[in-house]
Amino acid sequence: MLNLILFGPPGSGKGTQSEKLVAKYGLKHLSTGDLLRSEIAQKTALGLEAKSLMDRGQLVPDAVVIGMISSALETNPGAKGFLFDGFPRTSAQAEALDNLLELKGTSIKTMLAMEVSEEELVSRLLKRGETSGRSDDNNEGVIRARIAEYHKKTAIVADYYKKFDKVVSVKGEGSVEEIFERLSNEIDATITV
Ligand code: ADP
């Protein structure tokens, strides 16, 4: 299996690049943000709990997202591999993911870490908020809170995978195609190792 993590702060382009990468490499895309928004759309109890946190720019509890990822892994037994997008976002999530993958006899191959300056992130997210309908994208305070959560809880997840020498950094500025090419080159390099 080829299991990859696409990592980076909010607005770094994970969703855009994920769509292209899963098409190219035949992977199953698992985005916790998308899974949570689907719960919200279906007005489930979980969705209701998540929405109030997401609208404040805070992370939803580890147990909630770990549960969602665990069942997504179960419901896709034949997948060639998974592309994790927006997960893991805390050290506890990273450890849980390693355990879940180990039970399946597999592991994370590479974490692709997208690097984008903070001002570029804020301007991209505000622009996305004009059309996305996402309530967490149209308020600069909420955007800054999400980036602060990223620095406080999520950035360290890269250190966890660095210990295993699994992190490659990719410049996340430039055209969508240029960034896609950089990511593809890194993936191709890990596949042939
Ligand atoms: P972005 O990366 O642009 O912030 P996402 O769609 O990945 O967007 O996530 C939106 C929100 O969903 C986050 O701000 C957070 O509240 C919640 N969320 C998504 N994934 C996780 C996760 N793995 N752990 C905790 N909360 C999450």
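Brief remarks on what is shown
Conditions tested, residue by residue: (1) of a type outside the set (S, T, Y); (2) within 16 Å of the ligand (Cβ to nearest atom); (3) open to solvent by 70 Å² or more (accessible area, probe 1.4 Å).
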residue: G78; (1), (2), (3): yes, no, yes
residue: D85; (1), (2), (3): yes, yes, no
residue: R89; (1), (2), (3): yes, yes, yes
residue: E118; (1), (2), (3): yes, yes, yes
residue: K127; (1), (2), (3): yes, yes, yes
residue: Y150; (1), (2), (3): no, yes, no
residue: G172; (1), (2), (3): yes, yes, no
residue: E181; (1), (2), (3): yes, no, yes
residue: N185; (1), (2), (3): yes, no, yes
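- Selection within the stretch 28-52 - open to solvent by less than 30 Å² (accessible area, probe 1.4 Å) and either in contact (Cβ under 8 Å) with a residue 24 or more places away in the chain or within 10 Å of the ligand (Cβ to nearest atom) (or both): L30, S31, T32, G33, L36, A50
- Residue match in the stretch 103-113 (condition: within 12 Å of the ligand (Cβ to nearest atom) and either buried (at least 18 other Cβ atoms within 10 Å of the Cβ) or modelled with pLDDT of 95 or more (or both)): no
- Unmet criterion (only one of (1) assigned to a helix (DSSP H, G or I); (2) within 12 Å of the ligand (Cβ to nearest atom); (3) closer than 20 Å to L73 by Cβ) for V22: (2)
- Number of the condition not met by N139 [criteria: (1) at pLDDT 95 or above; (2) open to solvent by 50 Å² or more (accessible area, probe 1.4 Å)]: (1)
The values are calculated or read from the model by the stated rules, or taken from the named source; none is laboratory data. What you see is a predicted model, and the numbers here were worked out from it, not measured in a lab. Heads up, the Cβs are rebuilt from the backbone with ideal geometry, glycines too, and the neighbour counts pull from every protein chain shown. For the accessible areas, the whole protein counts, side chains as well, though only heavy atoms, and no ligand, DNA or RNA atoms are used. Shrake-Rupley method; radii C 1.70, N 1.55, O 1.52, S 1.80 Å.
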